[in-house]
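The values are calculated or read from the model by the stated rules, or taken from the named source; none is laboratory data. Everything numeric in this text was worked out from a predicted model, so none of it was measured. Quick reminder, even Gly has a Cβ in these numbers, built from the backbone with ideal geometry, and neighbours come from all protein chains shown. Surface accessibility is based on the protein's heavy atoms, side chains included, excluding ligands, DNA and RNA. Shrake-Rupley method; radii C 1.70, N 1.55, O 1.52, S 1.80 Å.
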Amino acid sequence: LKIFIQDFSKAMSQAGSSQFQEVIRQELEYSMKVELDKILATAHSNEIEHTKKDLEGFKKLFHRFLQEKGPSVDWGKIQRPPEDSIQPYEKIKARGLPDNIASVLNKLVVVKLNGGLGTSMGCKGPKSLIGVRNENTFLDLTVQQIEHLNKSYNTDVPLVLMNSFNTDDDTKKILQKYSHSRVKIYTFNQSRYPRINKETLLPIAKDVSYSGENTECWYPPGHGDIYASFYNSGLLDNLIAEGKEYIFVSNIDNLGATVDLYILNHLMNPPNGKRCEFVMEVTNKTRADVKGGTLTQYENKLRLVEIAQVPKAHVDEFKSVSKFKIFNTNNLWIALSAIKRLQEKNAIDMEIIVNPKTLDGGLNVIQLETAVGAAIKSFENSLGINVPRSRFLPVKTTSDLLLVMSNLYSLNAGSLTMSEKREFPTVPLVKLGSSFTKVQDYLRRFESIPDMLELDHLTVSGDVTFGKNVSLKGTVIIIANHGDRIDIPAGALLENKIVSGNLRILDH
């Protein structure tokens, strides 16, 4: 009896605890609703409709955030994907192309994720407007690629940009310069959600404005927002009405994400007659990619698992290159009709990413985000395709910028390809120190971009400048001590060299 009473009281206290948590959750949701209603009340008549949609979307996300506890994957359920669920690109390519490739291309829409600012590289405005090669910006190269495609095959592949409230105005101004190009360009905006105070879990915004001191109160909620925003904008329905069937989605700063005709043909003319609704391009991990999301089998579905979802005890296992050999490039091919169907059923399920930030004044906030690839488990007949590394060429830092500006790559019709003169297919590992972080500082430190065809590894730290026509080969490490400066002279050849201390070469 004594044991029974102990068990009974324990069960009651646990029930009480979960009831208590439920009361707290309800109170938080109610407080959030009150605050969001106050914010909505400050909107002008022309802002009410889209602000209401944004805040409704945020409310759903906040509700799910309160329901979920800890990492959202049960590590014990994670399995390696079945062999046929991730196809090698070579097999897709070996099928060749049909004679009517133009009719296949006419069913395609290219979507670029264009919500990010260039702040991590010390630039103001949209990242897509940073010059990356011969004065061409990310956006220029994208338009050139699609224009080349449309001219070569006499097709009408449109470009759609998903902007954020941070990038929309500047992007729209610049789009005028492409008015005579052979590419129809459309834009839509991703949602605008309120940042919430980490302590109170309430919005820090007091009204709808997002200029001046209010810029820090709002954020674009990650690229997983594409499904709802694309649908809400009306553009999804318009494109379906025009006969478009698939979108190819990628980050605008991934210079390897060009339209691949073999993958498109595989989608439109599947070998088994059953179309895929969602294809994720994955590529083999290197040591540099250990944090990238990976595809797994989970409850009989393909599922993207990101490092943030992994229980702490299993993080090292997740990073293992031998167990999880591939990662998501965020190049995705998705059926438009499937997006429409799932969006109307409210059936797109994406894990919530909780992104903590500290604002300039020191206030700790969190923003709730989702990732576009996480929706793979909601689609039917999903597939991974293991593509060559060349389809993943992101430019996140000036170290990446140095690679794509160099003679390692040649540029043709907006597409970068590895130079045939490079004897090995891997890209050199480049680490530029903090003196090179900002694009303007980086450009000032190179009189011309060095010859890097035979480079394996470059590390530069401290106050270092490069003269014209420098050649770097093998492993080169240049370290200027604090307070010292190193000038690499014009025409210098550095092969398997370590340069340190204080080296200044002056003209006399």
Of everything in the range 138-169 that's under 22 Å from the mean Cα position of the chain (by Cα), modelled with pLDDT of 95 or more and open to solvent by 20 Å² or more (accessible area, probe 1.4 Å), which residue is farthest from LYS124 (Cα to Cα)? GLN145
Among the residues in the range 439-446, are any aliphatic (A, V, I, L, M), in the same structural domain as GLU423 (by the TED database) and touching a residue at least 60 places away in the same chain (Cβ under 8 Å)? yes
Can you tell me which residue among VAL259, VAL279 is farther than 20 Å from GLY116 by Cα, surrounded by fewer than 19 Cβ atoms within 10 Å (Cβ to Cβ), among the hydrophobic types (A, V, I, L, M, F, W, C) and touching a residue at least 12 places away in the same chain (Cβ under 8 Å)? VAL259
Positions within the range 394-405 being open to solvent by 40 Å² or more (accessible area, probe 1.4 Å) and among the polar types (S, T, N, Q), in sequence order: THR397
Name every residue in the range 262-276 that is touching a residue at least 60 places away in the same chain (Cβ under 8 Å), assigned to a loop (DSSP other than H, G, I, E, B) and open to solvent by 20 Å² or more (accessible area, probe 1.4 Å), in order of residue number. ASN269, PRO271, LYS274, ARG275
Tell me whether the range 343-354 contains one or more residues that are open to solvent by 60 Å² or more (accessible area, probe 1.4 Å), charged (D, E, K, R), more than 27 Å from LEU66 (Cα to Cα) and assigned to a helix (DSSP H, G or I). no
Kindly provide the set of residues from the range 355-387 that are within 18 Å of the chain's Cα centre (by Cα), buried (at least 16 other Cβ atoms within 10 Å of the Cβ) and more than 24 Å from LEU336 (Cα to Cα), ordered by number. GLN367, LEU368
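Taking helices (runs of 4 or more DSSP H) that do not extend beyond the range 46-114, which have at least 3 residues that are open to solvent by 20 Å² or more (accessible area, probe 1.4 Å) and under 30 Å from PRO311 (Cα atoms)? Spell out the reasoning first.
Working: elements: 48-67, 89-94, 101-105.
Where helices (runs of 4 or more DSSP H) fall fully within the range 46-114 and carry at least 3 residues being open to solvent by 20 Å² or more (accessible area, probe 1.4 Å) and under 30 Å from PRO311 (Cα atoms), they are 48-67.
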Hey, any hits in the range 287-304 for a residue that's in contact with a helix residue (DSSP H, G or I) (Cβ under 8 Å, 6 or more places away or on another chain), open to solvent by less than 10 Å² (accessible area, probe 1.4 Å) and modelled with pLDDT of 95 or more? no
Residue match in the range 116-134 (condition: open to solvent by 60 Å² or more (accessible area, probe 1.4 Å), assigned to a helix (DSSP H, G or I) and within 18 Å of ASN251 (Cβ to Cβ)): yes
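Results for (1) over 20 Å from the mean Cα position of the chain (by Cα); (2) closer than 22 Å to ASP156 by Cα, shown as yes or no for each residue.
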{"site": "GLU245", "(1), (2)": "yes, yes"}
{"site": "ASP253", "(1), (2)": "no, no"}
{"site": "LEU261", "(1), (2)": "yes, yes"}
{"site": "VAL282", "(1), (2)": "no, no"}
{"site": "ASN300", "(1), (2)": "yes, no"}
{"site": "ALA313", "(1), (2)": "yes, no"}
Does the range 406-424 include one or more residues that are open to solvent by 50 Å² or more (accessible area, probe 1.4 Å), in contact (Cβ under 8 Å) with a residue 40 or more places away in the chain, within 22 Å of the chain's Cα centre (by Cα) and farther than 17 Å from ASN251 by Cβ? no
Counting only residues that are under 17 Å from LEU403 (Cα atoms) and open to solvent by less than 30 Å² (accessible area, probe 1.4 Å), the range 454-464 contains a total of 3
